[in-house]
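Report on one structure; see the data block that follows.
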Ligand SMILES: [Zn+2]
């Protein structure tokens, strides 16, 4: 029997993890925020932050263990947590922002309202091998942003088709006129193919040609 496939949803006890793909139990977290102190700012943590010198400079065994545990978690998932031994006082709780944790891969996922915003869904839509390079560029970009911005993706696909029209010998100024011209030239089947291709790229945007 194929593995169970359950679309991730807010507050579900289990779903197919957007990171590892396993159907797994999820743990849900509330989110509390605290501002940085003056002169302190957010920064991207990388593996370079885990230096041997830093580790060797620690006297406390507990501190060393916490450092190694954190490094282990970080190596597995770059979005992870660090333990603040004596806690922090936070009296701001975000509403409509939630975190889920996959019991299978220990990776966090971030939710705004009931939408999963991270990790972003990746659409595996490959451009046709004969697609001209400048059209391909817009096509790939459209596929990349479709989940976050269906309207943006639709605009890019429209632009890609406009460029394709030039490649097919049309003016590239008015997409409807260009398509009509192609149809006149007996390329109705091409119109259907382009239209089908676009609706596959942008089903959410409901692009119409
Ligand atoms: Zn997982």
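Return yes when residue 48 is within 16 Å of the ligand (Cβ to nearest atom) and surrounded by fewer than 11 Cβ atoms within 10 Å (Cβ to Cβ) and no when it is not.
No: the conditions fail for residue 48.
How about segment 158-178: which of its residues are surrounded by 15 or more Cβ atoms within 10 Å (Cβ to Cβ) and either part of a helix (DSSP H, G or I) or touching a residue at least 24 places away in the same chain (Cβ under 8 Å) (or both)?
158, 159, 160, 161, 162, 163, 164, 165, 166, 175, 178
This table checks each residue for (1) surrounded by 13 or more Cβ atoms within 10 Å (Cβ to Cβ); (2) within 26 Å of residue 144 (Cβ to Cβ); (3) more than 18 Å from the chain's Cα centre (by Cα).
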| residue | (1), (2), (3) |
| --- | --- |
| 16 | yes, yes, no |
| 42 | no, yes, yes |
| 52 | no, no, yes |
| 64 | yes, no, yes |
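Suppose the filter is touching a residue at least 60 places away in the same chain (Cβ under 8 Å) and part of a helix (DSSP H, G or I); does residue 142 pass it?
yes
Report yes if residue 207 is outside any helix (DSSP H, G or I), at pLDDT below 70 and over 20 Å from the mean Cα position of the chain (by Cα), otherwise no.
Details: outside any helix (DSSP H, G or I): yes; at pLDDT below 70: yes; over 20 Å from the mean Cα position of the chain (by Cα): yes.
So residue 207 passes the test.
Against the condition touching a helix residue (DSSP H, G or I) at 6+ places or on another chain (Cβ under 8 Å) and either away from the ligand (no atom under 16 Å from the Cβ) or under 24 Å from residue 118 (Cβ atoms) (or both), how does residue 64 come out, does it pass?
yes
Just for segment 1-31: of the residues that are modelled with pLDDT of 95 or more and more than 16 Å from residue 116 (Cβ to Cβ), which one is nearest to the ligand (Cβ to nearest atom)?
If we take residues in segment 1-31 being modelled with pLDDT of 95 or more and more than 16 Å from residue 116 (Cβ to Cβ), then 25 is nearest to the ligand (Cβ to nearest atom).
Go over the candidates 35, 115 one by one and state the one that is loosely packed, with under 10 Cβ neighbours inside 10 Å and either modelled with pLDDT under 95 or touching a strand residue (DSSP E or B) at 6+ places or on another chain (Cβ under 9 Å) (or both).
Just one listed residue meets the conditions, 35.
For (1) exposed (fewer than 12 other Cβ atoms within 10 Å of the Cβ); (2) at pLDDT 90 or above, each residue gets a yes or a no:
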site: 81; (1), (2): no, yes
site: 88; (1), (2): yes, no
site: 96; (1), (2): yes, yes
site: 102; (1), (2): no, yes
site: 108; (1), (2): no, yes
site: 119; (1), (2): no, yes
site: 122; (1), (2): yes, no
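Looking at segment 124-137, which of its residues are out of contact with any helix residue (DSSP H, G or I) (no Cβ under 7 Å at 6 or more places or on another chain) and surrounded by 13 or more Cβ atoms within 10 Å (Cβ to Cβ)? Walk me through how you get there before you give the answer.
First, pick out the residues of segment 124-137 that are out of contact with any helix residue (DSSP H, G or I) (no Cβ under 7 Å at 6 or more places or on another chain): 124, 126, 128-130, 133, 136-137.
Of everything in segment 124-137, those that are out of contact with any helix residue (DSSP H, G or I) (no Cβ under 7 Å at 6 or more places or on another chain) and surrounded by 13 or more Cβ atoms within 10 Å (Cβ to Cβ) turn out to be 136, 137.
The values are calculated or read from the model by the stated rules, or taken from the named source; none is laboratory data. Predicted model, so just to flag it, every value in this text is computed and none were measured. We place every Cβ from the backbone using ideal geometry, glycine too, and count neighbours over all the protein chains shown.
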